[in-house]
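Everything on this sheet refers to the single structure shown next.
The values are calculated or read from the model by the stated rules, or taken from the named source; none is laboratory data. These figures come from a predicted structure and were not determined experimentally. Note: ideal-geometry Cβ built from the backbone for every residue, glycine included; neighbour counts use all protein chains shown.
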Amino acid sequence: MHTIGLMGPWEYATTRPDTPPQGGWHRVHLPLREAEPPWRPVPGESLWLRRFFHSPTGLEAQNAVLLVFSSWPAFCQVVLNETPLARFDPQQAALDVTHLLQRRNCLQLQLAAEACRGRWPWQAHLALQIRPGSPRQ
């Protein structure tokens, strides 16, 4: 098993619920280095996080690539390369994204202010985990 961290430079934007950002992205480093979070929740607002990454190299036909969440605070909608995935449950820990990977990828996560209940993703960790044994589609 091999793990590639998705920490470092991200972007965030805020919108009304179920409205993807049309711009207004701001840079943020995750996990957060500053003491103050860059955004405070407003009821009825959604926080979007976005990160671009390249597909892992050297994948074999039987490898599976999982998006792994650690210390994730709440349910969120996961969108990879403009394809919405199932809502992520923090108890779930990982999502198989093997079939959606492209040479360059765009990962977006949407969290509703109400769902986070004061717990925000600023200290959460995300990674790609390459596991042997599962066929690629």
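Summary table below
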read-out	value
Pair list, Cβ < 8 Å and 6+ apart or interchain, from segment 1-24 residues that are on the phi > 0 side of the Ramachandran plot and in a strand (DSSP E or B) to residues that are of a type in the set (A, V, I, L, M, F, W, C) and surrounded by 11 or more Cβ atoms within 10 Å (Cβ to Cβ)	G8/L30
The listed residue being modelled with pLDDT of 75 or more, among the basic types (K, R) and within 20 Å of W10 (Cα to Cα), out of R119, R131, R104	R104
Residue satisfying condition, being among the basic types (K, R) and under 13 Å from Q110 (Cβ atoms), within set R27, R50	R50
Selected residue (criterion: farthest from the chain's Cα centre (by Cα)) from residues of segment 4-19 that are modelled with pLDDT under 90 and loosely packed, with under 13 Cβ neighbours inside 10 Å	R16
Strands (runs of 3 or more DSSP E) completely within segment 45-101 that count 1 or more residues being at pLDDT 90 or above and of a type in the set (S, T, N, Q)	83-88
